[in-house]
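Participant: Questions regarding the structure given below will be posed in turn.
The values are calculated or read from the model by the stated rules, or taken from the named source; none is laboratory data. What you see is a predicted model, and the numbers here were worked out from it, not measured in a lab. In this analysis, Cβ positions are derived from the backbone assuming ideal geometry, glycine residues included, and neighbour counts consider all displayed protein chains.
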Amino acid sequence: MKKLEMSSDIAKILYCSVSCVVKHGKIDCLRIFEFGEYEFVEPDGKYFTLEELQECVGGLIEFVYLKNDYVMVLNEEGKINGKCVPNLQATKLYHNSHETDDVIYGNVLICKNKYLD
């Protein structure tokens, strides 16, 4: 997985909030850390490998489908293993796509569906 540099234009977009960025399709792949930091990433190849996805979330993966052809990849055991804390930005994105009060725990990867094989 490659980490990408953040241009000043993209940095400005992030300030309006992650949900705004995803809602308007401004990014393809974004890793959101549980404490609110962001990192733009891309797969080493055409698609993310299982190992890259597991590295992003720190464990076993689970997919949650969001609006606009985005997928949230999260740690399947993040809520139950006691090692992760609530990810407020990821939870906000999840609530924008699903009517629920569930909370997302741990690091997540948000990416376009086209990057998953």
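Participant: What are the residues in segment 102-117 that are outside any helix (DSSP H, G or I) and at pLDDT 90 or above, if any?
Facilitator: ASP102, VAL103, ILE104, TYR105, GLY106, ASN107, VAL108, LEU109, ILE110, CYS111, LYS112, LEU116
Participant: Answer yes or no: is there a residue in segment 44-51 that is buried (at least 17 other Cβ atoms within 10 Å of the Cβ) and not in a strand (DSSP E or B).
Facilitator: yes
Participant: Taking segment 25-43, which residues are in a loop (DSSP other than H, G, I, E, B), over 19 Å from LEU88 (Cβ atoms) and without any contact (Cβ under 8 Å) to a residue 40 or more places away in the chain?
Facilitator: Answer for segment 25-43, where residues must be in a loop (DSSP other than H, G, I, E, B), over 19 Å from LEU88 (Cβ atoms) and without any contact (Cβ under 8 Å) to a residue 40 or more places away in the chain: just LYS26.
Participant: Looking only at residues in segment 69-117 that are of a type in the set (Val, Ile, Thr) and within 23 Å of THR49 (Cβ to Cβ), which one is surrounded by the most Cβ atoms within 10 Å (Cβ to Cβ)?
Facilitator: The qualifying residue surrounded by the most Cβ atoms within 10 Å (Cβ to Cβ) is VAL108.
Participant: Take the residues in segment 56-68 that are touching a Ser or Thr at 6+ places or on another chain (Cβ under 9 Å) and surrounded by 14 or more Cβ atoms within 10 Å (Cβ to Cβ), then tell me which one is modelled with the highest pLDDT.
Facilitator: VAL64
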